[in-house]
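The values are calculated or read from the model by the stated rules, or taken from the named source; none is laboratory data. Quick caveat: nothing in here was measured; it's all calculated off a predicted structure. Glycine gets a Cβ as well: all are built from the backbone with ideal geometry, and neighbour counts include every protein chain shown. We work out accessible area using only protein heavy atoms, side chains counted, and drop any ligands, DNA or RNA first. Shrake-Rupley method; radii C 1.70, N 1.55, O 1.52, S 1.80 Å.
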There are 2 protein chains.
Amino acid sequence: MNKRNILLKIQYDGTNYCGWQRQPEEVTVQGEIERALSILCAQEITINGCSRTDTGVHAFSQMASFIGEFAIPTENIKYALNNLVNDDIYISDVIEVDEEFHARFNCIGKKYRYEIINSVNRDPFYINRAYFVRKPLNFENMRKAAGSIVGKKDFASFQAAGSNPRETTVRTIYNLDLIEEDYPDGRKLVIEVAGDGFLYNMVRIIVGTLVDVGLGRIESSEVKDIIASCDRTKAGHTAPPQGLYLKEVYYE
Amino acid sequence: MNKRNILLKIQYDGTNYCGWQRQPEEVTVQGEIERALSILCAQEITINGCSRTDTGVHAFSQMASFIGEFAIPTENIKYALNNLVNDDIYISDVIEVDEEFHARFNCIGKKYRYEIINSVNRDPFYINRAYFVRKPLNFENMRKAAGSIVGKKDFASFQAAGSNPRETTVRTIYNLDLIEEDYPDGRKLVIEVAGDGFLYNMVRIIVGTLVDVGLGRIESSEVKDIIASCDRTKAGHTAPPQGLYLKEVYYE
């Protein structure tokens, strides 16, 4: 038994969870992993996740760290832990890290993926995994608008109303790519956005605004002014959570 | 209001259903669609599905027919029906057919798809949609074995034990293809099998037998003799339902 600082890399289908963050009466991803770790360590464990994903949001690569005492070597924790958590959560890596390391505080950026199905038909295999937009989207106009979002800016317009007004709303978006993927029954658009940090609901408001551009409700040239206004009411709608995936977390 | 013979093309994620066939106390795909149709037609409707898929089995293209009286034109039934059924079921086509047509009796063949993930890692996004095989599969040996299964044969070895012994167990397999698809974290094998008909659990026993070949438990050269034996106990295991998809139904 010795104290170790452990970093977990976690994948999950968020459909059956009330998001990442532990809540007393709800099933959450953090709560489920802590339950399993507390069994393994025979003591209560609290983990620090990098991103507080919302209800229904998925992750290919969530990162969380914690200090725990284990009777087993680090290389065996992965197998033990995956046997204890639900099948829709998978710990893909367990790494022993320096005692100073913290999954959230040391994070220098993140990448999210968002999937949109643009089709008049519903697809039963995507209902909890994509945003269905029935009317045709103009992808070219959406790409033009995306260009205005990249860079270091005050993104107050893209922050959920009611967020803490005292914190800075300046963030840097490194990349915002719109990729059309093969889809048999209509079109599929994947939006990937990387940045040094994201305000609450920021990715979903960026996507919702781009969808509004694609539908012709907002002109692609307006997006620059929407950002400059620092006014949430000028931006587009908040895209639904089920299309959103935490794809990568960056450390130095 | 006039009587029409209607053919439905149906997609579903079978995860949340006790299979296709209506059962008094269970949620089934047939039961859910009949519930919706009975509302639309204001009378009890019974539909005839082409394939009685098991619990957890999916469909890209199930076919079902029924005679009903509608107050709305056939082209509007699709929209009305899709608003009434659960989101994990989608009626992709509603076609008015000749009064003699029956989705099951007129069917001259079917194609199934089966998905296998060959990886030491679990994938939360495939847990209800594929068969996870952790040990490495020899795809080449599986392909060799598949060659022995194609053709018109007595497939009694590939029928679930306890099936009706009086019915013929001769079937014709037209194609049995093993296709490797891109998969980021290991290998993915898709097995597609088309035939004039399938015995109970036949596709899952074919897949289980091929997996046993891939694992070296059965030699690829033995499969011919396993079929000739007409003995279920000689064949491989029954692959789990969640990897199975009804892909196509053939009519003349």
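Which of the residues spanning the stretch A:1-56 are of a type in the set (S, T, N, Q) and under 20 Å from the mean Cα position of the chain (by Cα)? Walk me through how you get there before you give the answer.
Our first condition is that a residue be of a type in the set (S, T, N, Q); within the stretch A:1-56, this holds for A:2, A:5, A:11, A:15-16, A:21, A:23, A:28, A:30, A:38, A:43, A:46, A:48, A:51, A:53, A:55.
The answer is A:11, A:15, A:16, A:21, A:23, A:28, A:30, A:48, A:51, A:53, A:55.
Name the pairs: first residue in the stretch B:185-201 and within 14 Å of chain A (Cβ to nearest Cβ), second residue assigned to a strand (DSSP E or B) and open to solvent by less than 40 Å² (accessible area, probe 1.4 Å), Cβ to Cβ under 6 Å, at least 6 apart or on different chains?
Partner pairs satisfying both residue conditions: B:186/B:118.
What about residue B:42, is it at positive phi and more than 14 Å from chain A (Cβ to nearest Cβ)?
On the way: at positive phi: yes; more than 14 Å from chain A (Cβ to nearest Cβ): yes.
In short, yes.
With A:14, A:56, A:31 as the choices, which residue is at pLDDT 95 or above, on the phi > 0 side of the Ramachandran plot and not hydroxyl-bearing (Ser, Thr, Tyr)?
Numbers: A:14 fails: on the phi > 0 side of the Ramachandran plot; A:31 fails: on the phi > 0 side of the Ramachandran plot.
When all the criteria are applied, what remains is A:56.
Residues that are within 14 Å of another protein chain (Cβ to nearest Cβ), within 22 Å of the chain's Cα centre (by Cα) and farther than 18 Å from residue A:196 by Cα: does the stretch A:132-139 have at least one? Before you say what the answer is, go through the steps one by one.
Taking the stretch A:132-139 and keeping what is within 14 Å of another protein chain (Cβ to nearest Cβ), we get A:132, A:134.
Narrowing further to those that are within 22 Å of the chain's Cα centre (by Cα): A:132.
Subset that is farther than 18 Å from residue A:196 by Cα: A:132.
There is at least one residue in the stretch A:132-139 that is within 14 Å of another protein chain (Cβ to nearest Cβ), within 22 Å of the chain's Cα centre (by Cα) and farther than 18 Å from residue A:196 by Cα.
For every residue, the table says whether it meets (1) open to solvent by less than 10 Å² (accessible area, probe 1.4 Å); (2) small (Gly, Ala, Ser); (3) closer than 21 Å to residue A:111 by Cα.
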{"position": "A:216", "(1), (2), (3)": "no, yes, no"}
{"position": "A:224", "(1), (2), (3)": "no, no, no"}
{"position": "A:238", "(1), (2), (3)": "no, no, yes"}
{"position": "A:241", "(1), (2), (3)": "no, no, yes"}
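Restricting attention to strands (runs of 3 or more DSSP E) lying wholly within the stretch B:53-143, give those where 1 or more residues are open to solvent by 70 Å² or more (accessible area, probe 1.4 Å), farther than 22 Å from residue B:17 by Cα and not β-branched (Val, Ile, Thr).
Working: elements: B:58-70, B:89-97, B:107-118, B:131-133.
The strands (runs of 3 or more DSSP E) meeting that bar are B:89-97.
Select from the stretch A:121-171 the residues that are among the aromatic types (Phe, Trp, Tyr) and closer than 14 Å to residue A:189 by Cβ and list them in ascending order. First the steps, then the outcome.
Initially, the stretch A:121-171 is screened for residues among the aromatic types (Phe, Trp, Tyr), giving A:125-126, A:131-132, A:139, A:155, A:158.
Across the stretch A:121-171, the qualifying residues are A:126, A:131, A:132, A:139.
Could you list, in sequence order, all residues of the stretch B:192-221 that are part of a helix (DSSP H, G or I) and either at pLDDT below 95 or out of contact with any Ser or Thr (no Cβ under 7 Å at 6 or more places or on another chain) (or both)? Walk me through it before giving the result.
Looking only at the stretch B:192-221, we keep the residues that are part of a helix (DSSP H, G or I), and these are B:202-214, B:220-221.
Those that are part of a helix (DSSP H, G or I) and either at pLDDT below 95 or out of contact with any Ser or Thr (no Cβ under 7 Å at 6 or more places or on another chain) (or both): B:202, B:203, B:206, B:207, B:209, B:210, B:211, B:212, B:214, B:220, B:221.
Tell me, which residue of the stretch A:88-127 that is among the hydrophobic types (A, V, I, L, M, F, W, C) and away from every other protein chain (no Cβ under 14 Å) is farthest from the chain's Cα centre (by Cα)?
Initial filter on the stretch A:88-127 (among the hydrophobic types (A, V, I, L, M, F, W, C)): A:89, A:91, A:94-95, A:97, A:101, A:103, A:105, A:107-108, A:116-117, A:120, A:125, A:127.
Pick out the ones that are also away from every other protein chain (no Cβ under 14 Å) and you get A:95, A:97, A:101, A:103, A:105, A:107-108, A:116.
Working: A:95: 21, A:97: 23, A:101: 21, A:103: 15, A:105: 17, A:107: 14, A:108: 15, A:116: 15 Å.
Checking each candidate, the answer is A:97.
Name the residues in the stretch B:144-153 that are under 20 Å from residue B:181 (Cα atoms) and either open to solvent by 60 Å² or more (accessible area, probe 1.4 Å) or modelled with pLDDT under 95 (or both), would you?
B:144
Working only within the stretch A:9-20, note down all residues that are closer than 18 Å to residue A:77 by Cα and either away from chain B (no Cβ under 14 Å) or open to solvent by 10 Å² or more (accessible area, probe 1.4 Å) (or both).
The answer is A:9, A:11.
Might you check whether a residue that is under 16 Å from the mean Cα position of the chain (by Cα) and within 14 Å of chain A (Cβ to nearest Cβ) occurs anywhere in the stretch B:63-83?
As a first pass, look at the stretch B:63-83 and keep what is under 16 Å from the mean Cα position of the chain (by Cα): B:63-64.
Restricting the remaining residues to those that are within 14 Å of chain A (Cβ to nearest Cβ) gives none.
There is no residue in the stretch B:63-83 that is under 16 Å from the mean Cα position of the chain (by Cα) and within 14 Å of chain A (Cβ to nearest Cβ).
Could you grab me the full set of residues in the stretch B:17-28 that are modelled with pLDDT under 95 and of a type in the set (D, E, K, R)?
Hit for the stretch B:17-28 is B:25, nothing else.
Give me the pairs: first residue in the stretch A:21-38 and surrounded by 13 or more Cβ atoms within 10 Å (Cβ to Cβ), second residue of a type in the set (D, E, K, R) and not in a loop (DSSP other than H, G, I, E, B), beta-carbon distance under 9 Å, and six or more apart or on different chains, which are they?
Final answer for the pair search is A:22/A:34.
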